[in-house]
Amino acid sequence: MVKDILSSGALTHFATIGLVIFVFVFLAITAWILSRTKREVDDWARIPLSKDDDPPIDSRDAPSEHGTSNGTT
């Protein structure tokens, strides 16, 4: 029974759709990574070597003048 279902070719469209989705996501992630600045990539490269209590290097994570990191009061 399973052999008949698989040999009928009814599921080949799902395999094609899955492959297309995979390739699209792979290319999107690759394009996103390649569009990052050298400084961001260098920060990512230092993550395994940093201690957990090291302050973040990224200026977006620094406290604002109001004392919170996201700019709200």
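Computed quantities for the displayed model
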quantity: Residue in segment 9-21 that is modelled with pLDDT of 85 or more, of a type outside the set (A, V, I, L, M, F, W, C), part of a helix (DSSP H, G or I) and within 16 Å of the chain's Cα centre (by Cα) present; calculated: no
quantity: Residue within segment 58-66 that is touching a Ser or Thr at 6+ places or on another chain (Cβ under 8 Å), modelled with pLDDT under 75, among the acidic types (Asp, Glu) and assigned to a helix (DSSP H, G or I) present; calculated: yes
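The values are calculated or read from the model by the stated rules, or taken from the named source; none is laboratory data. This is a predicted model, so every value here is computed, not measured. Note: ideal-geometry Cβ built from the backbone for every residue, glycine included; neighbour counts use all protein chains shown.
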